[in-house]
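I'd like to ask some things about the structure below.
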Amino acid sequence: MRCSEMSKMLTAKEIAPGAMITEPGSAMKFETGDWRSFRPVLDREKYIDCLTCWIFCPDDSIIAKDGKMEGFRLSHCKGCGICARNCPKNAIRMEPEGV
Amino acid sequence: MDIGINGDSAVALAWKQVDPDVCAAYPITPQTIIVERFSDFVADGEVETEFVTAESEHSAMSICIGAASAGARTVTATASAGVTYMWETLGIAAGMRVPITMAVANRALSAPINIHCDHSDVMSARDLGWILIFAENVQEAYDNAIMAMKIAEHPDVRLPVMHNLDGFILSHAIERMSTLETHTVKNFVGEYKSKHSLLDIEHPITHGAMDQQDYYFEHKYQLAEAMQGAIKVIEDVFEEFGSISGRKYDLLEPYRCDDAEYVSIVIGSTAGTIKEAVDQLREEGHKVGSIKVRVYRPFPTEMMSKLLEGKKAAAVLDRHMAIGSTGPMFGDVCATAIDLEKPPELVNYIYGLGGRDVPVSDLKKVYMDMIEGNCKKVNYLGVRI
Ligand code: SF4
């Protein structure tokens with residue numbers, strides 16, 4: 001976290017006491033994707049829309065629509081690689097993020 | 001009504017009159033009588049409290065945190081190793097801002113194993129964000145149990161409170177004390193309505209969330225602010241309690257201090273014994289006084305520095321050893337004294353560890369040491385060296 005970003009964040013007076021979260025579903029607003037050091041990359045030649053990755057992803061980072069895998073929601077993908085490890089066709093590889 | 005009662009039973013009686021929503025506890029000497037008596041009241045249907053018998057103190061405090069998050073007025077009690085076994089959860093209770101009140105019958109920490117009084121249990125937990133209040137006698141143990149709830153639950157505070165009573169000296173000794181009417185107690189504490197209850201399904205919330213580098217510090221700062229704000233609330237609650245009971249309390253209680261040149265600063269039941277030492281020394285012509293610290297966290301810095309103004313010397317009595325440093329309260333008092341233009345000479349006495357008797361003669365010696373200039377910076381009262 002850089003200091004320039006810190007100054008834009010809420011102050012001790014503005015946040016709820018006791019780290020209480022009073023707004024349901026607000027985790028969507030907290031972009032945890034910036035923790036990632038590896039990103040999943042899809043090989044369109046190999047994938048078969050079995051959606052194994054969608055089942056296994058511990059976050060909500062596989063975009064699936066009408067039974068089709070459409071890519072990754074990188075705003076929340078932590079780069080854990082579970083999708084790549086479990087893909088039966090090796091259609092997902094993990095690539096290092098730039099520093 | 002005046003009755004003869006021991007300190008533990010007095011706390012249980014206070015709880016009975018309040019009828020809290022939840023009590024989760026594990027027995028440990030010298031606190032056991034509190035939860036034993038209170039479980040009698042539960043079993044006899046005299047209160048409606050949900051009494052949860054936990055399998056350890058860690059679990060007891062965890063249950064209390066859950067119950068308090070759900071909006072329940074929650075009480076528990078422990079001592080010694082029970083406090084240390086709760087260690088992790090004590091910080092969680094404060095950090096989550098749940099207004100649990102806990103009676104602690106102060107007892108030494110092992111090893112060597114010892115069941116008697118000193119303040120090493122509570123003092124080891126002094127930096128975790130709990131408000132710490134101490135009793136001098138059984139009456140105060142009862143009164144503190146009642147006032148603690150009103151302080152903890154105040155919307156400007158929302159911090160857990162430990163109300164301490166010296167193990168055996170107060171927990172087991174029977175003293176005469178005056179009770180309040182049950183309806184007076186109930187009116188005083190009022191009904192507790194949590195603003196953010198986990199059980200309020202119309203307004204779903206999360207308790208106990210995680211903070212990264214981005215917000216942890218801000219939430220800890222809130223704790224520091226809440227502690228400072230608590231000073232005013234505690235004074236107001238003491239004031240209001242005075243109006244219903246006739247017993248007026250303060251954060252610090254000076255005894256014959258006005259014209260005193262030498263004072264001692266002390267916590268708990270020894271604050272009573274020391275009054276006798278002061279009286280005897282006054283008879284002998286010495287200008288001495290004492291200051292009882294009733295509220296140790298938040299530490300009443302401003303009031304303390306006013307009381308120390310113009311004194312020649314002050315002895316801080318700690319019933320705990322912060323091994324490798326001075327006694328804990330000595331540090332607090334020194335930090336206070338730097339506000340003064342001419343601070344008194346400050347000395348530290350470690351005393352009464354493991355229930356070691358603290359006779360009036362020993363306490364008189366503290367004053368005579370000060371008067372005659374015989375003190376070291378840190379002194380060990382009554383230990384065979
Ligand atoms: S790397 Fe992990 S978090 Fe990201 S899409 Fe794959 S399984 Fe989900």
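Computed from the coordinates by the stated procedures, all read-outs in this text should not be read as laboratory data. Computed from a prediction, not measured in an experiment: that's the story for all the values here. Note that each Cβ is placed from the backbone with ideal geometry, even for glycine, and that neighbours are counted across all protein chains shown.
Provide the per-residue ³J(HN,Hα) series for the range B:271-281, in order, calculated from phi with Karplus coefficients 6.51, -1.76, 1.60 and θ = phi - 60°, each as a whole number of Hz, with x at glycine and proline positions.
Listing the rounded values in order: 4, x, 4, 5, 5, 5, 4, 4, 4, 5, 5 Hz.
Continuing with the same structure: For the range B:1-113, compute Rg over Rh where Rg is the Cα radius of gyration and Rh is the Kirkwood radius from the inverse mean 1/r over Cα pairs. Write down the numbers at each step before the final one.
Numbers: Rg = 13.7 Å, Rh = 14.1 Å.
Checking Rg against Rh, the ratio lands at 0.97.
For A:GLU14 and A:ARG73, calculate 0.36 nm times their separation in residues minus their Cα-Cα distance, and state this gained length in nm to one decimal. Walk me through the numbers before you get to the answer.
Working: separation 59, 0.36 × 59 = 21.24 nm, distance 2.95 nm.
So the extension gain works out to 18.3 nm.
Something else now. Charges at C-beta only: +1 for Lys and Arg, -1 for Asp and Glu. How large is the resulting dipole of the range B:157-214 about its Cα centre, in Debye rounded to 20?
Details: 5 positive and 8 negative charges, 44 e Å.
Here the size comes out at about 220 debye.
Could you work out which residue, out of B:LYS342, B:LYS312, B:LYS16, moves most in a Gaussian network model of chain B, that is, has the largest mean-square fluctuation with Cα springs under 10 Å?
B:LYS342
Could you quote the convex hull projected area for chain B, Cα atoms only and averaged over all directions, in nm²? Let's see the in-between values first.
Numbers: hull surface 79.3 nm².
Result: 19.8 nm².
Beyond a 29 Å Cα-Cα separation, which of these cross-linked pairs lie in this structure: B:LYS232/B:LYS365; B:LYS186/B:LYS306; B:LYS150/B:LYS220?
Values: B:LYS232/B:LYS365 36 Å; B:LYS186/B:LYS306 36 Å; B:LYS150/B:LYS220 23 Å.
Cα-Cα > 29 Å for B:LYS232/B:LYS365; B:LYS186/B:LYS306; rest within.
Based on DSSP H runs of at least 4 residues, each adding -39500 (n - 2.57), what is the mean residue ellipticity at 222 nm of chain B after dividing by all its residues, to the nearest 500 deg cm²/dmol?
Numbers: 13 runs with 156 residues, N = 385.
Mean residue ellipticity, 222 nm, calculated: -12500 deg cm²/dmol.
Further, regarding this structure: Assigning unit charges at the beta carbon (Lys, Arg +1; Asp, Glu -1) and nothing else, what dipole magnitude in debye, to the nearest 20, does the range B:255-331 show about its Cα centre? Could the numbers behind the result be given before it?
Numbers: 11 positive and 10 negative charges, 54 e Å.
So the dipole magnitude of the range B:255-331 works out to roughly 260 debye.
Right, another one. For chain B, modelled as a Gaussian network with Cα springs under 10 Å, which listed residue fluctuates most, B:LYS364, B:LYS193, B:LYS292?
Checking each option, the largest mean-square fluctuation is seen for B:LYS193.
If you wrap the range A:30-99's Cα atoms in a convex hull and average its projection over all directions, what's the area in nm²?
Working: hull surface 18.1 nm².
Over all viewing directions, the range A:30-99 projects a mean Cα-hull area of 4.5 nm².
At a threshold of 8 angstrom on Cα-Cα distance, excluding pairs fewer than six apart, so keeping six or more, what relative contact order does the range B:264-383 reach in percent?
Details: 171 pairs, mean separation 32.9, N = 120.
So the answer I get is 27 percent.
Still on this structure, please answer the following. Connecting C-alpha atoms closer than 10 Å in a GNM of chain B, tell me which of B:SER290, B:SER197, B:SER171 has the biggest fluctuation.
Residue with maximal mean-square fluctuation among B:SER290, B:SER197, B:SER171: B:SER197.
Using alpha-carbon pairs under 8 Å, 6+ residues apart, how would you state the relative contact order of chain B in percent?
Values: 812 pairs, mean separation 61.1, N = 385.
Dividing the mean separation by the residue count of chain B yields 16 percent.
Under a cut-off of 20 Å between alpha-carbon atoms, report the lysines in cross-link reach of A:LYS68, not counting same-chain residues fewer than 8 places apart.
Straight-distance partners of A:LYS68: A:LYS46, A:LYS89.
Let me ask another. Tell me the Rg and the Dmax, in Å, that the Cα atoms of the range B:105-198 produce.
Calculated on Cα positions, Rg and Dmax stand at 15.5, 45 Å.
Across all directions of projection, what mean area in square nanometres is found for the Cα convex hull of the range B:252-380? Before the final figure, lay out the partial values.
On the way: hull surface 28.7 nm².
Approximately 7.2 nm², given one-decimal rounding.
Continuing with the same structure: With the dipole of chain A worked out from charges on the C-beta (+1 for Lys and Arg, -1 for Asp and Glu) around the Cα centre, which of A:SER26, A:LEU10, A:CYS80 lies farthest toward the positive end?
Working it through, the farthest residue towards the positive pole turns out to be A:CYS80.
Give the cross-link partners of B:LYS376 among the aspartates and glutamates, using a straight C-alpha distance below 13 Å as the criterion and excluding same-chain residues fewer than 8 apart.
Qualifying aspartates and glutamates at Cα under 13 Å: B:GLU345.
Starting with the fewest neighbours, write out B:LEU180, B:LEU199 ranked by other beta-carbon atoms found within 10 Å of each beta-carbon. Intermediate results must be reported in sequence, preceding the final value.
Values: B:LEU180 21, B:LEU199 9.
Lowest to highest Cβ neighbour count: B:LEU199, B:LEU180.
Fewest Cβ neighbours within 10 Å first, please rank B:LEU170, A:LEU10, A:LEU74 accordingly. Intermediate values should be presented prior to the final figure.
Values: B:LEU170 30, A:LEU10 11, A:LEU74 16.
Fewest-to-most Cβ neighbours within 10 Å comes out as A:LEU10, A:LEU74, B:LEU170.
Quick one: what does P(r) look like for the protein assembly as shown with 20 Å bins over all Cα pairs, in whole %?
Pairs per bin, as whole percents: 22, 45, 23, 9, 1, 0.
Ok, one more. Quick check for me: using +1 on Lys/Arg Cβ and -1 on Asp/Glu Cβ, what's the dipole size of chain B about its Cα centre, in debye to the nearest 20?
Values: 34 positive and 55 negative charges, 182 e Å.
Rounded to the nearest 20 debye, it is 880 debye.
Give the average, rounded to an integer, of partner chain Cβ atoms located within 10 angstrom of each Cβ in B:222-233.
On the way: counts 7, 3, 1, 3, 2, 0, 0, 0, 0, 0, 0, 0.
Counting Cβ atoms of other protein chains within 10 Å of each residue's Cβ and averaging gives 1.
Counting other beta carbons within 10 Å of each residue's own, what order do B:MET368, B:MET1, B:MET162, B:MET177 fall into, fewest first? Please list the in-between numbers first.
Numbers: B:MET368 17, B:MET1 7, B:MET162 29, B:MET177 21.
With the sparsest Cβ surroundings first, the list reads B:MET1, B:MET368, B:MET177, B:MET162.
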